[in-house]
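Trainee: Take a look at this one; I'll ask things after.
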Amino acid sequence: MDFISFCSCGKPIDETFIYCPWCGVRVKEVDDKDVLENVFKQLEAKQSNDRLSRVKRIENKIAEIEEALREFSKDSVHKK
């Protein structure tokens, strides 16, 4: 928190807060549409990053399985 202000409840809050985390009172007027759009953009970015991370983990597991199958097939051919 760089700058501190006080809510009507008397508690200190970061001046960038829209609502007081202590009592829930709105302490700053903002355009709700802009706030919601920003929140949803951040959520979409996080979901996208999470999906990419899961895809990478799946790709790594597939590569491990493929390598194990190659080793298994080599062993099977050599035993015959």
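Trainee: Just to be sure, is S76 surrounded by 10 or more Cβ atoms within 10 Å (Cβ to Cβ) and of a type in the set (G, A, S)?
Mentor: Spelling it out, it is not the case that S76 is surrounded by 10 or more Cβ atoms within 10 Å (Cβ to Cβ) and of a type in the set (G, A, S).
The rows are residues; the columns are (1) in contact with a Cys (Cβ under 7 Å, 6 or more places away or on another chain); (2) surrounded by 10 or more Cβ atoms within 10 Å (Cβ to Cβ); (3) among the acidic types (D, E); (4) in contact (Cβ under 8 Å) with a residue 24 or more places away in the chain.
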residue: I4; (1), (2), (3), (4): no, no, no, no
residue: S8; (1), (2), (3), (4): no, no, no, no
residue: E29; (1), (2), (3), (4): no, no, yes, no
residue: L36; (1), (2), (3), (4): no, yes, no, no
residue: V39; (1), (2), (3), (4): no, yes, no, no
residue: V55; (1), (2), (3), (4): no, yes, no, no
residue: I62; (1), (2), (3), (4): no, yes, no, no
residue: A68; (1), (2), (3), (4): no, yes, no, no
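Trainee: Quick one: I18 ticks every box in (1) open to solvent by 90 Å² or more (accessible area, probe 1.4 Å); (2) in contact (Cβ under 8 Å) with a residue 12 or more places away in the chain except a single one, so which number is it?
Mentor: Here I18 meets the rest and fails (1).
Trainee: Is there a residue in the range 43-52 that is of a type in the set (K, R) and farther than 30 Å from F6 by Cα?
Mentor: yes
The values are calculated or read from the model by the stated rules, or taken from the named source; none is laboratory data. Just so it is clear, the structure is predicted and the values come from calculations on it, not from any experiment. FYI the Cβ positions are ideal-geometry reconstructions off the backbone, even for glycines, and counts take in every protein chain you see. We work out accessible area using only protein heavy atoms, side chains counted, and drop any ligands, DNA or RNA first. Shrake-Rupley method; radii C 1.70, N 1.55, O 1.52, S 1.80 Å.
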